[in-house]
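Undergrad: Okay, here's the structure, questions in a sec.
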Amino acid sequence: RRSLSICPLKVMHEPLIVHDTGEKPYHLVAGERRWRAAMKLGPETYVPMLMRTYAPAEMVKIALIENLQREDLSPLDEAFIYHKMTSELGYSIRGLAGKLGKDKGYVENRLRLASAPDDVKEMVAQRYDTLSAAYELMKLEDKRRRRSLTKRVLSGELTLLKLHVPVEKQGFNFY
């Protein structure tokens, strides 16, 4: 008597997007996390692919849009992607907002974050809930003062409401 072995097939539903270079290996444009997950699942995993030849700008656009769809995208990652889409791919702020289904002001604020001083970016990287404070702190030109206020926001000592006062009164010594 012969028995049949039924081995479950592991299937990834979202395809990898691959650039056909004309030779192997192909260039992965989008789906790196799916590819890594498939490698962990083993060789019996079926991974669909969309393969075609892409222009370099098209590959950048696809990769950026793929990254925007991540659930764990930080405000800084989002800002960086918006900046690349406007500076390298030629999107206008209004055009990008329309394409993403976002408010124009939302996109403008993220673009401001992309060009924020390093201390402000670091604050947002440590705590996403400080995003509104970051926009306030970007109004300050005095680096020493901004760093001091940034530390106080991170420690929880300074709320957004309390931060508004020293930012608006730039000449007022709030240390």
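The values are calculated or read from the model by the stated rules, or taken from the named source; none is laboratory data. Computed from a prediction, not measured in an experiment: that's the story for all the values here. Here the Cβ is made from the backbone with ideal geometry for all residues, glycine too, and neighbour counts use every protein chain on show. All accessible areas refer to the heavy atoms of the entire protein, side chains included, with ligands and DNA or RNA removed. Shrake-Rupley method; radii C 1.70, N 1.55, O 1.52, S 1.80 Å.
Undergrad: Consider S115 against the criteria (1) at pLDDT 90 or above; (2) surrounded by 13 or more Cβ atoms within 10 Å (Cβ to Cβ); (3) of a type in the set (S, T, N, Q): it satisfies all of them except one. Which criterion is unmet?
TA: (2)
Undergrad: Out of the residues in the range 91-102 meeting the condition of being open to solvent by 50 Å² or more (accessible area, probe 1.4 Å) and in a loop (DSSP other than H, G, I, E, B), tell me which one is farthest from R33 (Cα to Cα).
TA: Among those that are open to solvent by 50 Å² or more (accessible area, probe 1.4 Å) and in a loop (DSSP other than H, G, I, E, B), it is S92.
Undergrad: Can you say whether N109 is open to solvent by less than 60 Å² (accessible area, probe 1.4 Å), among the polar types (S, T, N, Q) and more than 28 Å from D142 (Cα to Cα), as far as the supplied structure shows? Give the derivation first.
TA: Working: open to solvent by less than 60 Å² (accessible area, probe 1.4 Å): yes; among the polar types (S, T, N, Q): yes; more than 28 Å from D142 (Cα to Cα): no.
No.
Undergrad: Out of the residues in the range 73-90 that are aliphatic (A, V, I, L, M) and farther than 23 Å from D129 by Cα, state the one that is most open to solvent (accessible area, probe 1.4 Å). Even if it seems obvious, please write down each step before you answer.
TA: Step one: list which residues in the range 73-90 are aliphatic (A, V, I, L, M), which gives 73, 76, 79, 81, 85, 89.
Checking which are farther than 23 Å from D129 by Cα leaves us with 85, 89.
Values: M85: 1, L89: 46 Å².
Result: L89.
Undergrad: Quick one: in the range 139-160, which of the residues that are among the hydrophobic types (A, V, I, L, M, F, W, C) and surrounded by fewer than 17 Cβ atoms within 10 Å (Cβ to Cβ) is nearest to the chain's Cα centre (by Cα)? Break it down into steps so the answer makes sense when it comes.
TA: Just the residues of the range 139-160 that are among the hydrophobic types (A, V, I, L, M, F, W, C), to begin with: 140, 149, 153-154, 158, 160.
Among the residues that remain, those that are also surrounded by fewer than 17 Cβ atoms within 10 Å (Cβ to Cβ) are: 154, 160.
Values: L154: 22, L160: 24 Å.
Ranking the candidates gives L154 first.
Let's see how each residue does on (1) surrounded by 14 or more Cβ atoms within 10 Å (Cβ to Cβ); (2) at pLDDT 75 or above; (3) touching a Gly at 6+ places or on another chain (Cβ under 6 Å):
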{"position": "R1", "(1), (2), (3)": "no, no, no"}
{"position": "L9", "(1), (2), (3)": "no, no, no"}
{"position": "M12", "(1), (2), (3)": "yes, no, no"}
{"position": "V18", "(1), (2), (3)": "yes, yes, no"}
{"position": "Y26", "(1), (2), (3)": "yes, yes, no"}
{"position": "A37", "(1), (2), (3)": "yes, yes, no"}
{"position": "R52", "(1), (2), (3)": "no, yes, no"}
{"position": "A57", "(1), (2), (3)": "no, yes, no"}
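Undergrad: From (1) over 12 Å from the mean Cα position of the chain (by Cα); (2) of a type outside the set (V, I, T); (3) at pLDDT below 85, pick out the condition that doesn't hold for L68.
TA: L68 satisfies every listed condition except (1).
Undergrad: Across the range 165-175, what is the total count of residues that are open to solvent by less than 80 Å² (accessible area, probe 1.4 Å) and at pLDDT 75 or above? Working first, answer last.
TA: Kept after step one, since they are open to solvent by less than 80 Å² (accessible area, probe 1.4 Å), are these residues of the range 165-175: 165-167, 174.
With at pLDDT 75 or above added as a condition, the list becomes 165-167.
Adding up the residues that qualify gives 3.
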